[in-house]
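**Student:** Encoded as structure tokens, here's the structure I'll be asking about.
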Amino acid sequence: MSTKDHNETLVGIHSLIGSVFVLGLIGSPWIIARNFRHVEQIPLVIIIFGTVFLVAALMFSTAIAMRGQKPVGRKLGLLAAVVLIVIFWPAGVYSWWFLHSDGAKKMYGVAPK
């Protein structure tokens, strides 16, 4: 596979994972309405909703920046790789490996050391 193919694969992975999290956000009103019992649960619900929203936003912004091969795409990709290692480790390891490869560094304009 070429560097461009690896990059497009990662764009697809980030888009897919972002979409899964958005589905959770879309379903959250029904989940909350069905399981919400006590006022003490409000902070927990806010934390969970906020975390899911932030992960979805990170995945989509990473996919968009990587699609355009912008230098910030590599930085977002490395941040998203750390999150992906926790969520879905094979995708996180693949993302981390690719973004540290010489081809990716050249693609995103990182100067060799």
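**Student:** Between a first residue in the range 49-68 that is free of Cβ contacts under 8 Å to residues at least 40 places away in the same chain and a second residue that is surrounded by 15 or more Cβ atoms within 10 Å (Cβ to Cβ) and β-branched (Val, Ile, Thr), which pairs have beta carbons less than 6 Å apart while being 6 or more apart in sequence or on different chains?
**Tutor:** Qualifying pairs under 6 Å: Ala56/Val22.
**Student:** Hey, any hits in the range 95-103 for a residue that's within 14 Å of the chain's Cα centre (by Cα), modelled with pLDDT of 95 or more and surrounded by fewer than 19 Cβ atoms within 10 Å (Cβ to Cβ)?
**Tutor:** Yes, because at least one residue in the range 95-103 is within 14 Å of the chain's Cα centre (by Cα), modelled with pLDDT of 95 or more and surrounded by fewer than 19 Cβ atoms within 10 Å (Cβ to Cβ).
**Student:** Now for a separate question. Quick check on Val11: is it under 17 Å from Ser95 (Cβ atoms), buried (at least 16 other Cβ atoms within 10 Å of the Cβ) and free of Cβ contacts under 8 Å to residues at least 40 places away in the same chain?
**Tutor:** Against the criterion (under 17 Å from Ser95 (Cβ atoms), buried (at least 16 other Cβ atoms within 10 Å of the Cβ) and free of Cβ contacts under 8 Å to residues at least 40 places away in the same chain), Val11 does not qualify.
Condition check ((1) small (Gly, Ala, Ser); (2) surrounded by 13 or more Cβ atoms within 10 Å (Cβ to Cβ); (3) part of a loop (DSSP other than H, G, I, E, B)) across all residues:
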| residue | (1), (2), (3) |
| --- | --- |
| Gly50 | yes, no, no |
| Leu54 | no, no, no |
| Ile64 | no, yes, no |
| Arg74 | no, yes, no |
| Leu78 | no, yes, no |
| Ala81 | yes, yes, no |
| Val93 | no, yes, no |
| Gly109 | yes, no, yes |
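Conditions (1) out of contact with any Asp or Glu (no Cβ under 9 Å at 6 or more places or on another chain); (2) open to solvent by 100 Å² or more (accessible area, probe 1.4 Å); (3) among the aromatic types (Phe, Trp, Tyr); (4) without any contact (Cβ under 8 Å) to a residue 12 or more places away in the chain, marked per residue:
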residue: Gly24; (1), (2), (3), (4): yes, no, no, no
residue: Pro29; (1), (2), (3), (4): yes, no, no, yes
residue: Ile32; (1), (2), (3), (4): yes, no, no, no
residue: Ile46; (1), (2), (3), (4): yes, yes, no, yes
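The values are calculated or read from the model by the stated rules, or taken from the named source; none is laboratory data. Given the structure is predicted, the values throughout are model-derived calculations rather than measurements. Please note: Cβ atoms are built from the backbone with ideal geometry, for glycine as well, and neighbour counts cover all protein chains shown. Protein only, heavy atoms only, side chains kept; ligands, DNA and RNA dropped before computing areas. Shrake-Rupley method; radii C 1.70, N 1.55, O 1.52, S 1.80 Å.
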